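All of the numbers you see were taken from the coordinates with simple rules; none came from a lab. What you are looking at is a predicted structure, and each value in this text was computed from that prediction instead of being measured.
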Amino acid sequence: MLTQVKLMIGALVCALATAYLAYLGASQSWQYYMLVDECVQESATIAGQRLRVSGHVAPESLVVQSDRSQATFTLKGERSSLIVSCRGPLPDNLAADMDVVVEGTLTSDGLLRGEKVLTRCASKYQAEVPTQR
């Protein structure tokens, strides 16, 4: 009987630890991305955390190094904007005046240090207009 109780307690501890780790992993991915305005508004509480921010690359703000290993640009929202500095491989189609999602860390002074940039193509997701015959 004592062995069965020990096994039950061990199984319960393992199940609780697994559930806790699953919760921690899932809670970071429940919100796919924040908008620029939300990020600026909550900057005091999210500084230093990994996050994804969606916005629009401001026209004429994109500066890309010749080897495409780094880029800086202004990410605009409806009312706010963020300065973004990205290191690492950049998408080939990254250009000014387009929608992107930047994955990285917000510094305490409001700079978004990006590690990954995902470009978004709105035309891929718009409904096709049926042609009249």
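Pop out the ³J(HN,Hα) list for region 5-10 in order, Karplus 6.51 cos²θ - 1.76 cosθ + 1.60 with θ = phi - 60°, rounded to Hz; leave Gly and Pro as x.
Using θ = phi - 60°, the values come out as 5, 4, 5, 5, 5, x Hz.
At q = 0.11, 0.12, 0.18, 0.21 Å⁻¹, what base-10 log of I(q)/I(0) does the Debye formula yield for region 1-97 when every alpha carbon is treated as an equal point scatterer in vacuo?
At q = 0.11, 0.12, 0.18, 0.21 Å⁻¹ the computed log10 ratios are -0.52, -0.57, -0.92, -1.09.
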